[in-house]
Structures are given as C-alpha cells and as structure tokens.
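Each remark here refers to the structure printed beneath this line.
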Amino acid sequence: MCNKITIGLEFYFKGNKYSPSLVIDLDEHVLTKRDFDSFYVILASSVNIDTYSYEYEMMLAQEISFSAATGLATIFLDNGNFDFPAFRQTLQDERLAAGISKIASDHLSVNDLSSRPELKTALTKAYQLGQKS
C-alpha cells in the first residue's frame, strides 16, 4: 500500500509570496526515521530556502497544511491536520505484524497468528528485545 500526502504552506517574506507544496511518500519518510519537523526542511529545500535564513524562520512560523492523503494516511488526516505520530506508530505496528506473520508461516507452519495469540505475543516480545540490543 502506498501512503502519500501533500504538504504545503504559505508565507510572505520581503513582499514575496512563497507557497511551497510537495507530495511526500510517507512510507519512505518513516523508513528513513524522519520526524514531523523535517517536513519544514523538505519544503524549504523545494524552493531553495536555506535553513539558516530569515526566510526559513518566517516559514517556521506557519503551520503546514496536509491534503490528498492516500492509503493508511487517510485515516489520520482531518481538516488539513495530520496526526503524524499516530500514523507512524500504526505503520510500524502493521509492518511488525506482517513480519512476524511471515516468520510464523515460514518457520512454524502457522498461517493465522490470530488463532495463536501466545505465539504472536512471543514473537513480538522477541522482536522488541532485538530492538533494544
């Protein structure tokens, strides 16, 4: 599933209007461990604004608006606002569930983890333990 969203904002600097807008691949954004604040950097870069400039400071004063979500992202879009932390957590949870389901199927011949909640819990705990070390 492809999770995309359009981000944009509008601001003025020295009498010039700026309206950067981009479509973001949220799967890639989360995979590269970027956070919400990096949306500002991406927008600034799209219109050649240096992140150490007054233009950038003016841009930071504006809220990013979100639109045209696809995939799972549509659930987290509400009137131009996007709940990025909740989206990121849900996406990570879904990826984990898919990964442990594949392990259960390939190595334990269990095709439906919902019928084996104790196994799902054990595999999830093993994954979490691996993440800590």
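Values in this text are rule-based calculations from the coordinates and carry no lab data. Bear in mind the structure is a predicted one, so any value in this text is a computation, not a measurement. Positions of Cβ are backbone-derived with ideal geometry, glycine not excepted, and every protein chain shown enters the neighbour counts.
Test of understanding: what is the full-extension gain from F36 to I75, defined as 0.36 nm times their sequence separation minus their Cα-Cα distance?
Residue separation times 0.36 nm, minus the Cα-Cα distance, leaves 12.3 nm.
Here r is the Cβ-Cβ distance between A68 and I103 and R0 is 35 Å; the resulting FRET efficiency, rounded to 0.05, is 0.50. Compared with the alpha-carbon gap, the fully stretched path from S133 to E118 is longer by 3.1 nm at 0.36 nm per residue. Considering only Q128, F66, A86, the residue lying farthest towards the positive end of the dipole of segment 2-133 is Q128, judged by Cα position with unit charges set on Cβ.
Calculated on the Cα set of the chain, radius of gyration then Dmax: 19.6, 66 Å. If you take the alpha carbon atoms of segment 39-104 and fit the smallest convex hull around them, that volume is 117 Å³ per residue.
In segment 1-70, the ratio of gyration radius to Kirkwood radius, Rg to Rh, stands at 0.99 when only Cα atoms are counted.
Size of the dipole of the chain about the Cα centre, Lys and Arg at +1 and Asp and Glu at -1 on the beta carbon, nothing else charged, in debye to 20?
On the way: 12 positive and 17 negative charges, 83 e Å.
It comes to approximately 400 debye.
Each 5 Å bin from zero holds the following percent of Cα-Cα pairs in segment 80-133: 4, 18, 23, 22, 15, 8, 6, 3, 1.
Using the Cβ-Cβ distance between N111 and A86 with R0 set to 30 Å, the FRET efficiency works out to roughly 0.50. Under the combined filter of DSSP loop state and at most 15 neighbouring Cβ atoms within 10 Å, segment 44-133 retains these GluC sites (Glu not before Pro): E63.
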